[in-house]
């Protein structure tokens, strides 16, 4: 059992076919389970009734959870750090998850680390456990277009680390951003070529 937990957010997206949402989610869960030194979990938002993973801890949240609600939903009494990742980044490199936890490490590490998306929303957030008060109080969601700016405004200067960003697949047009040359994202590839 690791002292780090990474939860993938499973939620419906009316802008995409349910099969594509499920395929991308499967790929993100594969990325998380392939990440060394972390325990995977799934946070299921109300309204999602797709694929299930019986061997991974799964918890339920409301339909539009804040970052704090996502992280607090994770049942991880052994954890020193927790993270939440969106389910629409099928080609996310494992390295970016590792960078989040690296930013939290050490005596001068941040309390919270964020991986932004190109649209200003967030791909992932990691935080030391227990959560800092400002993050508990912040009404910020991963999908908010101004999520990164809102986190920068809410966080004390030394408590937030912003790492490299990545792309999210939130609309059909975003599929063009997927790089066929990158390894992984097999479920999404299979869905798109069927």
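The values are calculated or read from the model by the stated rules, or taken from the named source; none is laboratory data. As the structure is a prediction and not an experimental result, all values here were calculated from the model. Note that each Cβ is placed from the backbone with ideal geometry, even for glycine, and that neighbours are counted across all protein chains shown.
Observations on the model:
- Hey, residue 82 modelled with pLDDT of 95 or more, under 14 Å from the mean Cα position of the chain (by Cα) and within 14 Å of residue 1 (Cβ to Cβ) or not: yes
- Looking across the range 73-86 at every residue that is crowded, with 19+ Cβ neighbours inside 10 Å and in contact with a helix residue (DSSP H, G or I) (Cβ under 9 Å, 6 or more places away or on another chain), the one that is nearest to residue 144 (Cα to Cα) is identified as 86.
- Per the conditions (1) surrounded by fewer than 22 Cβ atoms within 10 Å (Cβ to Cβ); (2) closer than 21 Å to residue 171 by Cβ, the sole criterion not satisfied by residue 130 is (2).
- Residue satisfying all of: in the range 31-49; part of a strand (DSSP E or B) and in contact with a helix residue (DSSP H, G or I) (Cβ under 6 Å, 6 or more places away or on another chain); nearest to residue 61 (Cα to Cα) among these: 43
- Number of positions in the range 51-65 that are touching a helix residue (DSSP H, G or I) at 6+ places or on another chain (Cβ under 9 Å) and either in a loop (DSSP other than H, G, I, E, B) or buried (at least 16 other Cβ atoms within 10 Å of the Cβ) (or both): 6
- When the range 169-193 is limited to residues that are in contact (Cβ under 8 Å) with a residue 60 or more places away in the chain and part of a loop (DSSP other than H, G, I, E, B), the one that is surrounded by the fewest Cβ atoms within 10 Å (Cβ to Cβ) turns out to be 179.
- Selection within the range 37-48 - at pLDDT 95 or above and either more than 19 Å from residue 5 (Cβ to Cβ) or over 15 Å from the mean Cα position of the chain (by Cα) (or both): 46, 47, 48
- Count of residues meeting criterion [in a helix (DSSP H, G or I), more than 12 Å from the chain's Cα centre (by Cα) and crowded, with 19+ Cβ neighbours inside 10 Å] in the range 87-103: 2
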